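Written below as structure tokens is the structure these notes are about.
A short reminder: the numbers here are calculations on the coordinates, not readings from a lab. What you see is a predicted model, and the numbers here were worked out from it, not measured in a lab. Cβ: placed from backbone, ideal geometry, glycine included. Neighbour counts: every protein chain shown.
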Amino acid sequence: MTMYGLPILAAVCCSLLLLTLFPVGSESASCCLRYRQLRLKCKDTHHYSLQNINGSCDMRAVIFHVGQKFVCADPNGKRTKHLMACLDNKGRTRNRWHS
């Protein structure tokens, strides 16, 4: 191996290692692991989706999409239901329970 080939090989191996350590995809970005307190306004919230229990997501949750962020909420919460109703009235529901 040449003097220049070894650093390139090491960089490629490190890149592959990093790709396997950090999952990419929509599931990791939209899987709620805990609820947050709601301080959202209907006008600032784009839409919501509903998370069901599956292999990597171990709880039901409502995912409110605000800009590039998402907020996980308890589907039985009073504020959650109020915000969901507001978004439903505006036709901004992404999908029902998904897994």
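If you average over every viewing direction, what projected area does the convex hull of the Cα atoms of the stretch 32-98 give, in nm²?
Details: hull surface 16.6 nm².
Hull-based average projected area comes out at 4.1 nm².
So how far apart, in nm, are the two label points at residue 60 and residue 42 if each is 7 Å from Cα heading toward Cβ?
2.3 nm
From the phi angles alone, apply the Karplus equation (6.51, -1.76, 1.60; θ = phi - 60°) to the stretch 51-63 and give each ³J(HN,Hα) in whole Hz, x where the residue is Gly or Pro.
Whole-Hz 3J(HN,Hα) from phi for the stretch 51-63: 9, 9, 7, 8, x, 9, 10, 9, 8, 7, 7, 9, 10.
Run the numbers for residue 35 and residue 88: contour at 0.36 nm per residue of separation, minus the present Cα-Cα distance, in nm.
Going from the current span to full extension adds 17.0 nm.
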